[in-house]
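A short write-up of the structure that comes next.
Read-outs: derived from the displayed coordinates by stated rules, not from any lab. Since the structure is predicted, the reported quantities are computational estimates derived from the model, not experimental observations. Ideal geometry is used to build each Cβ from the backbone, glycine not excepted, and the neighbour counts take in all protein chains shown.
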Amino acid sequence: MTSTSAPTGLVLIDTVNEVFAEGGKGYPGFKAEFDRIGTLDNLRRLLAGFRNKGYPAFFSPMSYTDEEYDDWKHRSGIHRMMFDNRMFEAGSWGAEFHPDLRPGPGDVTIAPHKNLDVFATTDLDIQLKRRGIEHIAVAGMIGTMCVESTARSAMERGYRVTLVKDATAPDGGADSYEQMVNRYALIAHDVLTTEELLSRAGF
């Protein structure tokens with residue numbers, strides 16, 4: 001991320017127990033990649049680095065109600081998979097933020113998102129604009145779905161976008177990861193590791 005005078009924020013997607021905690025329904029499918037990439041540790045460092053700078057973090061959880069599980073009219077493949085397993089159930093432990101990746105003072109919790117692009121169904125855009133944020137770093141899960149879709153939407157809306165490639169993970173192994181990072185280079189203004197981002201002055 002190049003030094004810029006534009007106000008900067010961190011967008012963290014789906015940092016919830018369902019994905020990041022043992023016992024979460026999504027955790028077994030990502031554990032191997034989390035361990036290989038160091039995803040959880042890097043997310044902790046990333047969040048701490050932004051807080052130390054006094055930059056806000058915008059937390060975007062996913063959750064669904066009983067009504068949504070039952071009445072969602074046009075279900076995509078990802079919705080069928082989540083709904084059949086009742087993942088991200090509103091009010092459940094799985095939909096709560098992971099203890100190490102939860103909002104703190106000065107952070108912003110976005111309304112729960114329902115689709116892959118967080119901008120599409122939440123107040124993220126207005127919350128960023130209210131604070132004058134023009135430059136966002138995007139991380140969290142899933143790297144090939146919600147993170148990628150949200151970053152693409154942010155770029156198209158005129159934000160400067162940095163994708164943090166080791167603070168996420170794909171729905172697959174090392175090959176999927178490399179393909180994901182290659183796509184990131186086409187979407188974002190910068191694709192960096194956590195260390196690279198935090199070491200840049202004025203990030």
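Between Glu178 and Ala111, what FRET efficiency comes out of the Förster formula 1/(1 + (r/R0)^6) with R0 = 35 Å and r the beta carbon distance, rounded to 0.05?
The computed FRET efficiency comes out at 0.55.
Using a Cα-Cα cut-off of under 18 Å, which aspartates and glutamates could be cross-linked to Lys129, ignoring same-chain neighbours fewer than 8 residues away?
Within the straight-line cut-off, Lys129 pairs with Asp107, Asp117, Glu156.
Kirkwood Rh over Cα pairs of the range 30-142 into Stokes-Einstein at 10 °C, 1.306 mPa s: D in µm²/s?
Here the translational diffusion coefficient equals 101 µm²/s.
I need to check one value: relative contact order of the chain, counting alpha carbon pairs closer than 8 Å and at least 6 residues apart, in percent. It would help to have the intermediate numbers written out before the result.
On the way: 371 pairs, mean separation 61.9, N = 203.
It rounds to 30 percent for the chain.
Give me the dipole magnitude in Debye, nearest 20, for the range 1-78 about the Cα centre, with unit charges on the beta carbon: positive for Lys and Arg, negative for Asp and Glu. Numbers along the way, then the final one.
Numbers: 9 positive and 11 negative charges, 118 e Å.
Charge dipole, the range 1-78, about its Cα centre: 560 debye, nearest 20.
Can you tell me which of Gly26, Gly77, Gly94 moves the most in a GNM of the chain? Springs connect C-alpha atoms under 10 Å apart.
Fluctuation is largest for Gly77.
List the lysines whose alpha-carbon lies under 24 Å from that of Lys31, not counting same-chain residues fewer than 8 positions away?
Cα-Cα hits under 24 Å: Lys114, Lys165.
Picking from Ser153, Pro28, Ile142, whose Cα lies most toward the positive end of the charge dipole for the range 8-199 (charges on Cβ: Lys, Arg +1; Asp, Glu -1)?
It is Ser153, whose Cα lies furthest towards the positive end.
Provide the percentage of antiparallel DSSP beta bridges, counting only those with both residues in the chain; round to the nearest 5.
Working: 1 of 22 bridges.
For the chain, the DSSP antiparallel bridge percentage is about 5.
Looking at the chain, I'd like the Rg to Rh ratio, where Rg is from alpha-carbon atoms and Rh is Kirkwood's inverse mean 1/r.
When Rh is taken as the Kirkwood radius, the ratio is 0.94.
Let's see if you can work this out: charge +1 on each Lys and Arg Cβ, -1 on each Asp and Glu Cβ, no other charges. What is the dipole magnitude of the chain about its Cα centre, in debye to the nearest 20?
The dipole magnitude comes to about 660 debye.
The range 1-60: which GluC sites (Glu not before Pro) are DSSP loop and have at most 16 other beta-carbon atoms within 10 angstrom?
Here the GluC sites (Glu not before Pro) that fit, given the DSSP loop and packing criteria, are Glu22.
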